[in-house]
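K.L.:
Just passing along the structure, written as structure tokens.
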Amino acid sequence: MSASFFFPRQAAAALALALCSSLAAADTTVAVSIDTSSFGTDGWLDFTYAGASNGTALPSTVTLANFAGFDSAAEVFTDGQVSGSLGAGYVIGNGGGYNDLFHAVNYGGVLSFTVTFSGDADPAAIVAGSTFAVTAYDADQQTQLGSSSDELNGSLLTIDWTPAAVAGGQGSIATAVYSDFASVSAVPEPSSWLMLGIGAMLVAGVARRKAAAFTA
């Protein structure tokens, strides 16, 4: 078999590997998008993070960052293990009974942000995980918006975090979306983007070689 046929297969394989890697490595960071065009003009988003009610969850945090559509001057209320800012990112812990970030927002467009989970490993696999939730409220801070009737707590979405089984490993997440206005998507890690770029460059190189061969 000639190299001209073998190299494209190598490039395609590299690109496929990069794509698979990006999916496999995206289990701790996700992007959340909320379409608030039907929510009115002003309201609140409520972000909560809590460990299992039986108190067996290992320490972990969620970091909220890369906010789009949010006003840095908006009013914010916090309770429990919450620190940070809109620009630097908010960090919410899972300790204690209630950890809450209540953020004023302007409705009418798309609000988006990333959520990154991190925490201690659980080699024994004997502890429960923790749950992150997002809920939308009207300006009255009481009327919940956008959630389907099958979500008892009125959340737009929840993400359950389970610790890694080995030290240094990545934990896993399970997402449930209860609204047609909300979506959650994976965010590849930098190493995955690098592999994807390498694969794309290999494919581009093949295209250039074939073009040169046809014009020679």
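The values are calculated or read from the model by the stated rules, or taken from the named source; none is laboratory data. Remember, it's a predicted structure, so these values are computed and weren't measured experimentally. Note that we place each Cβ from the backbone using ideal geometry, even for glycine, and neighbour counts take in every protein chain shown.
K.L.:
Which ones in the range 47-57 are at pLDDT below 90 and crowded, with 20+ Cβ neighbours inside 10 Å?
P.N.:
51, 57
K.L.:
Under 7 Å between Cβ atoms, at least 6 apart or on separate chains: pull out the pairs that start in the range 162-177 with a residue that is more than 7 Å from residue 121 (Cα to Cα) and end on any residue that is aromatic (Phe, Trp, Tyr).
P.N.:
171/117; 171/161; 173/117; 173/161
K.L.:
Is one or more of the residues making up the range 142-151 in a strand (DSSP E or B) and either surrounded by fewer than 17 Cβ atoms within 10 Å (Cβ to Cβ) or not assigned by TED's automatic domain parsing to the domain that holds residue 85 (or both)?
P.N.:
Yes, the range 142-151 contains a residue that is in a strand (DSSP E or B) and either surrounded by fewer than 17 Cβ atoms within 10 Å (Cβ to Cβ) or not assigned by TED's automatic domain parsing to the domain that holds residue 85 (or both).
K.L.:
Which condition does residue 65 not pass, out of (1) more than 15 Å from the chain's Cα centre (by Cα); (2) among the small types (Gly, Ala, Ser); (3) assigned to a strand (DSSP E or B); (4) at pLDDT 95 or above, if it passes all the others?
P.N.:
That leaves (1) as the condition not met.
K.L.:
Would a scan of the range 140-156 turn up a residue that is under 19 Å from the mean Cα position of the chain (by Cα) and more than 16 Å from residue 184 (Cα to Cα)?
P.N.:
No, the range 140-156 has no match at all.
K.L.:
Tell me the residue from 27, 71 that is at pLDDT below 95, charged (D, E, K, R) and outside any strand (DSSP E or B), please. Write out each step before concluding.
P.N.:
Working: 71 fails: at pLDDT below 95.
On inspection, the qualifying residue turns out to be 27.
K.L.:
Given (1) under 16 Å from residue 104 (Cα atoms); (2) among the acidic types (Asp, Glu); (3) surrounded by 20 or more Cβ atoms within 10 Å (Cβ to Cβ), where does residue 138 come up short, assuming only one miss?
P.N.:
(3) is the only condition that residue 138 fails.
K.L.:
Tell me, yes or no, whether the range 131-139 has at least one residue that is acidic (Asp, Glu) and either in a loop (DSSP other than H, G, I, E, B) or free of Cβ contacts under 8 Å to residues at least 60 places away in the same chain (or both). Spell out the reasoning first.
P.N.:
Just the residues of the range 131-139 that are acidic (Asp, Glu), to begin with: 138.
When the remaining residues are screened for being either in a loop (DSSP other than H, G, I, E, B) or free of Cβ contacts under 8 Å to residues at least 60 places away in the same chain (or both), the result is none.
No, that holds for no residue.
K.L.:
Identify, from the list 135, 143, the residue that is of a type in the set (S, T, N, Q) and closer than 22 Å to residue 92 by Cα.
P.N.:
135
K.L.:
Continuing with this model, one more query. Looking at this structure, is residue 37 surrounded by fewer than 17 Cβ atoms within 10 Å (Cβ to Cβ) and modelled with pLDDT under 95?
P.N.:
Judged against the criteria, residue 37 is not a match.
K.L.:
Considering only residues that are under 14 Å from residue 176 (Cα atoms) and hydrophobic (A, V, I, L, M, F, W, C), look in the range 121-159 and name the one that is modelled with the lowest pLDDT.
P.N.:
Looking at the filtered set, the residue picked out is 152.
K.L.:
Same structure, new question: May I ask you to say which residue of 111, 64, 101, 86 is in the same structural domain as residue 154 (by TED's automatic domain parsing), free of Cβ contacts under 8 Å to residues at least 40 places away in the same chain and either in contact with an Asp or Glu (Cβ under 9 Å, 6 or more places away or on another chain) or closer than 18 Å to residue 175 by Cα (or both)?
P.N.:
86
K.L.:
Same structure again: Specify the residue that is surrounded by the fewest Cβ atoms within 10 Å (Cβ to Cβ); the eligible residues are those in the range 67-83 that are touching a residue at least 12 places away in the same chain (Cβ under 8 Å) and aliphatic (A, V, I, L, M).
P.N.:
Out of the qualifying residues, it is 68.
K.L.:
Related question: In contact with a Ser or Thr (Cβ under 9 Å, 6 or more places away or on another chain) and under 20 Å from residue 63 (Cα atoms), is that true of residue 113?
P.N.:
Details: in contact with a Ser or Thr (Cβ under 9 Å, 6 or more places away or on another chain): yes; under 20 Å from residue 63 (Cα atoms): yes.
Answer is yes for this residue.
K.L.:
A follow-up question, please. Return yes or no: is residue 172 surrounded by 20 or more Cβ atoms within 10 Å (Cβ to Cβ), polar (S, T, N, Q), assigned by TED's automatic domain parsing to the domain that holds residue 93 and touching a strand residue (DSSP E or B) at 6+ places or on another chain (Cβ under 9 Å)?
P.N.:
In short, no.
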